[in-house]
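To keep things clear, I will list the structure first and then write my remarks on it.
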2 protein chains.
Amino acid sequence: EMNVAFLGTGSGYPTPCRGASALAIRYEGDVWLIDCGEGTQTQIMKLKTIRPGQISKIFITHLHGDHMFGLPGLLCTISMALKTVSNLKLVEIYGPLGLRRFLREALNLSRSVLTFKYVVHEIVPNRIQYDGWKPGDPDWNIEEGFGHAIFYDEVMKCWPLCSNKNMTVVAGGLKHRIPSFGFVFTECDKPGKLNNAKLIEYGVPKGPLFGRIKNGEEITLEDGRILKPEDFVGPVQSGKKVAVLQDTCDSWHMREICNNCTLLIHEATNENCQQDRCIANGHSTPAMVAQFANAIGAQKIVLTHVSQRYKHPLTHDVEPDDQTTEILETETRTDF
Amino acid sequence: EMNVAFLGTGSGYPTPCRGASALAIRYEGDVWLIDCGEGTQTQIMKLKTIRPGQISKIFITHLHGDHMFGLPGLLCTISMALKTVSNLKLVEIYGPLGLRRFLREALNLSRSVLTFKYVVHEIVPNRIQYDGWKPGDPDWNIEEGFGHAIFYDEVMKCWPLCSNKNMTVVAGGLKHRIPSFGFVFTECDKPGKLNNAKLIEYGVPKGPLFGRIKNGEEITLEDGRILKPEDFVGPVQSGKKVAVLQDTCDSWHMREICNNCTLLIHEATNENCQQDRCIANGHSTPAMVAQFANAIGAQKIVLTHVSQRYKHPLTHDVEPDDQTTEILETETRTDF
Ligand SMILES: [Zn+2]
Ligand SMILES: [Zn+2]
Ligand SMILES: [Zn+2]
Ligand SMILES: [Zn+2]
């Protein structure tokens, strides 16, 4: 007998309390999905009574983002849930003209290789639904300005992305299954603090002299005394440097630009004993992260991009057999 | 001073306990995002210390889905957060070659009109990162079969989508800002139950006669007695019919195919007093839903696609001034 599960009933965008549009119809073990807003796969997990692999049909009502931006991710998750390649599994998708192209674009660009077949049946709208409508032209979006291509700088050994008075951002190349970039955020050093009280004590008149000595100039007072900046300006406050290295199985091309970072945020997808498989998948283990962190003299490591298999003791009921994130933490501490 | 907020640290896909890749760097009121997996905007809302409108730069490490499928939705939400069109607001996005095209495709197809400007600066990968890599060809995806175009059936007054032995699915046209479809799921009627005990009592031998009488045939026994099916078969069990009508400001084109549905799932984005604005946005009010439900003889209504402004008393701390979903419920009950 048919029953309906509401996965998201919010309009416009998802919130923690109300997901974007999605609902599931269950019928004798089959699950059919209607709409698939962003976060639908997470809602399915919360519900627990539906497994992504059961979904055999998906119906998209229209192409607004709150009804279909979750579709590429859901297909990837169904794919992972199946584990082995299945020539029998077929997901049939029904939706307005244009949906097939969006899915092709999203799956091809993300190099998502699915373990099952899917097919998009496009519904051709009638005139009454939208006069003059035609499938979207992806050539240019009206709100989009002209971006530039950023090429590798052979001298700096990085891609210079942007900088302002406080911060510089560069990218480095990471080895992964597809081109992956690490980003390094370097806060500018700040000049040391000026000891105003001491200057006044030495009889320096408030005004431009204060600025000149702060900028590192020696100044000569009217009575001939010479004041050296090092006696009135504190030590330079060095800026923080944060390196964010996501998916990679080899970070060493970024060694120089990550040097001496305050914080290294690095992926560690699997534990050390799985290093071979992990590297084959383009990912890193705690030992690899620690070794890299030691080489660059990182002050602190935060692990990220952790395989969902490792449960976090604070957010999960951990069963005796469960693997937890503590494994990754311990392995990192061993070498760092 | 720079600080870092972790929005998602999971690999592969988001779960309720660990989001897909995303983190935010905050610096003097500016927020820069690194990666934007599916659900990042929801993680931002949970965090509460970052507002989407503060984000000025986004850095995408690579084009795997768990690092960028949340980007189109996030841009739409930033856009909604700004409320008025801003020529000053610019979001600069840095990511691998191919990202610009994905965003264009996603935003154009979903007809997302942003209230701000964005620009994609593409990072051109080096050979070492992936040999032979080139921007994705969206023409065809290897896992994709050949879908067909489904045209309007003038006789049936709907788009016939699919059917199997248990269920028939058709689409109808809805009026919205872009082509929108409602879906009607009709369970097949099931034949009435055969009264086996009564047949045995009448001396009918077990076997093919049972099947024939169940299928509505009159049967003649060896002794000449004629048995009529209506005396041995219970009433037909009529299937359920569920109509799912998402974004629309006019459902009346679907009146016939929704007739007598067991359950009408219909959008109701705003309350009755906002009907003009609501219709102008392509949406419905409770009164409109109730009127339609009465006309089609729906047995039950479930409202969906509710504006995020209406808080649900069970999942929110409701302040005295808050509007709740009870408004929509009450307005529906008034007319239905
Ligand atoms: Zn919507
Ligand atoms: Zn819509
Ligand atoms: Zn990846
Ligand atoms: Zn990843």
Task: From the options A:Val119, A:Val85, A:Val91, residue that is β-branched (Val, Ile, Thr), assigned by TED's automatic domain parsing to the domain that holds A:Cys36, more than 16 Å from ligand 2 (Cβ to nearest atom) and touching a Phe, Trp or Tyr at 6+ places or on another chain (Cβ under 6 Å) - done: A:Val91
Open item on the list: Tell me which strands (runs of 3 or more DSSP E) are completely within the range B:16-62 and hold 2 or more residues being within 12 Å of A:Val244 (Cα to Cα) and within 16 Å of ligand 3 (Cβ to nearest atom), or say none if there are none.
Closed with: B:22-27
Task: Meets criteria (within 16 Å of ligand 3 (Cβ to nearest atom), out of contact with any Cys (no Cβ under 6 Å at 6 or more places or on another chain) and modelled with pLDDT under 90) for A:Ser238 - done: no
Task: Some residue of the range A:42-51 being touching a Phe, Trp or Tyr at 6+ places or on another chain (Cβ under 6 Å), assigned by TED's automatic domain parsing to the domain that holds A:Pro125 and within 16 Å of ligand 1 (Cβ to nearest atom) - done: no
TODO: Please indicate, with yes or no, whether at least one residue in the range B:177-191 is away from ligand 1 (no atom under 16 Å from the Cβ) and away from chain A (no Cβ under 14 Å).
DONE: yes
Open item on the list: I'm trying to understand the selection: among the residues of the range A:190-224, which are part of a strand (DSSP E or B) and either of a type in the set (Ser, Thr, Tyr) or surrounded by 13 or more Cβ atoms within 10 Å (Cβ to Cβ) (or both)?
Closed with: A:Leu194, A:Ile219, A:Thr220
Task: Boolean, A:Ser284 is within 15 Å of B:Gly10 (Cα to Cα), at pLDDT 90 or above and buried (at least 17 other Cβ atoms within 10 Å of the Cβ) - done: yes
Open item on the list: Based on this model, can you work out whether B:Glu105 counts as surrounded by fewer than 23 Cβ atoms within 10 Å (Cβ to Cβ), at the interface with chain A (Cβ under 7 Å from one of its Cβ atoms), more than 16 Å from ligand 4 (Cβ to nearest atom) and not in a loop (DSSP other than H, G, I, E, B)?
Closed with: no
- [ ] Of all residues in the range B:1-15, count the ones that are more than 7 Å from every other protein chain (Cβ to nearest Cβ) and either assigned to a loop (DSSP other than H, G, I, E, B) or of a type in the set (S, T, N, Q) (or both).
- [x] 2
Open item on the list: Can you tell me which condition A:Gly53 does not meet? The list is (1) in contact with a helix residue (DSSP H, G or I) (Cβ under 8 Å, 6 or more places away or on another chain); (2) of a type outside the set (D, E, K, R); (3) crowded, with 20+ Cβ neighbours inside 10 Å, and all the others hold.
Closed with: (3)
- [ ] Among the residues of the range B:227-256, write down those that are under 23 Å from the mean Cα position of the chain (by Cα) and either away from chain A (no Cβ under 14 Å) or surrounded by fewer than 20 Cβ atoms within 10 Å (Cβ to Cβ) (or both).
- [x] B:Lys240, B:Asp250, B:Trp252, B:His253, B:Arg255, B:Glu256
Task: Residue in the range A:147-170 that is modelled with the lowest pLDDT, counting only those that are outside any strand (DSSP E or B) and within 7 Å of chain B (Cβ to nearest Cβ) - done: A:Gly147
TODO: Could you list all residues from the range B:25-40 that are surrounded by fewer than 23 Cβ atoms within 10 Å (Cβ to Cβ) and in contact (Cβ under 8 Å) with a residue 24 or more places away in the chain?
DONE: B:Arg26, B:Tyr27, B:Gly29, B:Asp30, B:Val31
Open item on the list: Go through (1) surrounded by 13 or more Cβ atoms within 10 Å (Cβ to Cβ); (2) more than 17 Å from A:Thr248 (Cβ to Cβ); (3) touching a Lys or Arg at 6+ places or on another chain (Cβ under 7 Å) for A:Tyr310 and report which single condition fails.
Closed with: (3)
Open item on the list: Can you find a residue that is modelled with pLDDT of 95 or more and under 20 Å from B:Cys158 (Cα atoms) anywhere in the range B:297-318?
Closed with: yes
Task: Pair list, Cβ under 6 Å, 6 or more apart: the range A:283-301 residue more than 18 Å from B:Phe6 (Cβ to Cβ), other residue part of a loop (DSSP other than H, G, I, E, B) and among the hydroxyl-bearing types (Ser, Thr, Tyr) - done: A:His283/A:Thr269; A:Phe292/A:Ser251
Open item on the list: Restricting to the range B:59-88, and then to whatever is within 16 Å of ligand 1 (Cβ to nearest atom) and not hydrophobic (A, V, I, L, M, F, W, C), can you tell me which residue is farthest from the other protein chains (Cβ to nearest Cβ)?
Closed with: B:Ser79
TODO: Run B:Gln308 past the list (1) within 11 Å of chain A (Cβ to nearest Cβ); (2) closer than 29 Å to A:Trp32 by Cα; (3) touching a residue at least 12 places away in the same chain (Cβ under 8 Å) and report the number of the one that doesn't hold.
DONE: (3)
Open item on the list: Could you check the range B:19-53 and list, in sequence order, the residues that are more than 7 Å from chain A (Cβ to nearest Cβ) and in contact with a Gly (Cβ under 6 Å, 6 or more places away or on another chain)?
Closed with: B:Gly19, B:Ala20, B:Ala22, B:Cys36, B:Gly37, B:Thr40, B:Gln43
Open item on the list: Which condition from (1) touching a residue at least 40 places away in the same chain (Cβ under 8 Å); (2) within 16 Å of ligand 4 (Cβ to nearest atom) is the one that A:Ser21 breaks?
Closed with: (2)
Task: In the range A:21-49, the residues that are small (Gly, Ala, Ser) and touching an Asp or Glu at 6+ places or on another chain (Cβ under 7 Å) - done: A:Ser21, A:Ala22, A:Gly37, A:Gly39
Open item on the list: Against the definition (in contact (Cβ under 8 Å) with a residue 12 or more places away in the chain and not hydroxyl-bearing (Ser, Thr, Tyr)), how does B:Pro179 come out, yes or no?
Closed with: no
Open item on the list: Can you report the number of residues in the range B:63-83 which are under 25 Å from A:Arg18 (Cβ atoms) and either part of a loop (DSSP other than H, G, I, E, B) or in contact with a Lys or Arg (Cβ under 8 Å, 6 or more places away or on another chain) (or both)?
Closed with: 5
- [ ] Report whether or not B:Phe292 is buried (at least 22 other Cβ atoms within 10 Å of the Cβ) and not β-branched (Val, Ile, Thr).
- [x] yes
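The values are calculated or read from the model by the stated rules, or taken from the named source; none is laboratory data. Here the structure is a predicted model, which is why all the values come from computation and not from measurement. Neighbour counts run over all protein chains shown; Cβ positions are idealised from the backbone, glycine included.
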